[in-house]
1. Taking 0.36 nm per intervening residue step and subtracting the Cα-Cα distance, what contour gain separates R180 from R160 on full extension?
2. Assuming R0 = 22 Å, what is the FRET efficiency of E64 and T150, from their Cβ-Cβ distance, to the nearest 0.05?
3. By average Cβ neighbour count within 10 Å, what is the ranking of 42-51, 157-166, 144-153 from highest down?
4. Using a 7 Å offset from the Cα along the Cα-to-Cβ direction at both S73 and R131, what is the distance between the two label points in nm, to one decimal?
Amino acid sequence: MTSVILLLLSCGAIEIQTNEPALARVRRIYVDQLGGGRVSDQMQDMIVAAVQNTGLFVITENRERADAILKGSGDETIFHEVHATSDSIGFRAGGGASSSSAAQSARSSSRQTLSAGVTDSESSRSDERRREAVASVRLVDTQGDVIWSTTQESQGAKFRGSMSDVADKIARKLAEETQRARLETLRPHELKPGIQNAATPKAGAQGQ
């Protein structure tokens, strides 16, 4: 009987059901070639480096050994942002005076006018070249089921380009959700101090 069960297991005729999250079982990842624009290969290399730096996975180039395959597409676009400003200052003032007198033997007249005006204008125009990267990836298990996916985009961060920032966001998101899934599979005695569920009754409170 035991040999029959082992034979069925080896042939895949019996599928063992488990409550363990699929993402928690992923240890080894194969990063497939990304679709998209001409920079997709460069983004793929950045994702490989970012995921491996999490320390949670082994990146393999052997597709058959992988627990899951990371697939998707990514691209980077270049665009221009134009900023134009215009400032103007104006000032104008004016004044005038006149007088006249007449007599039988003499005639005199005087006239005085004053005007001033100041105008100034300044305009500036800047053309800034910007980059925006976007990637949509999914993690597919050996059965062909999608067990995780995300879409990330970025126009760059401080000391980091747009593609590098997208790769870092993908790796952080995958690491966070993988750690959460792995914690769900741990038994209480396997959890480190401080991680155990606060709802677990203490020894002194059980008799109350």
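Throughout, read-outs are computed from the coordinates displayed, never taken from laboratory work. Fair warning: this is a prediction, and the values are worked out from it, not measured in the lab. Ideal geometry is used to build each Cβ from the backbone, glycine not excepted, and the neighbour counts take in all protein chains shown.
1. On the way: separation 20, 0.36 × 20 = 7.20 nm, distance 2.74 nm.
Full extension from R180 to R160 adds 4.5 nm.
2. On the way: r = 25 Å, r/R0 = 1.15.
That pair, E64 with T150, gives E of 0.30.
3. On the way: 42-51: 20.0, 157-166: 17.0, 144-153: 14.4.
Order by mean packing, descending: 42-51, 157-166, 144-153.
4. Label-label distance for S73 and R131, simple model: 2.1 nm.
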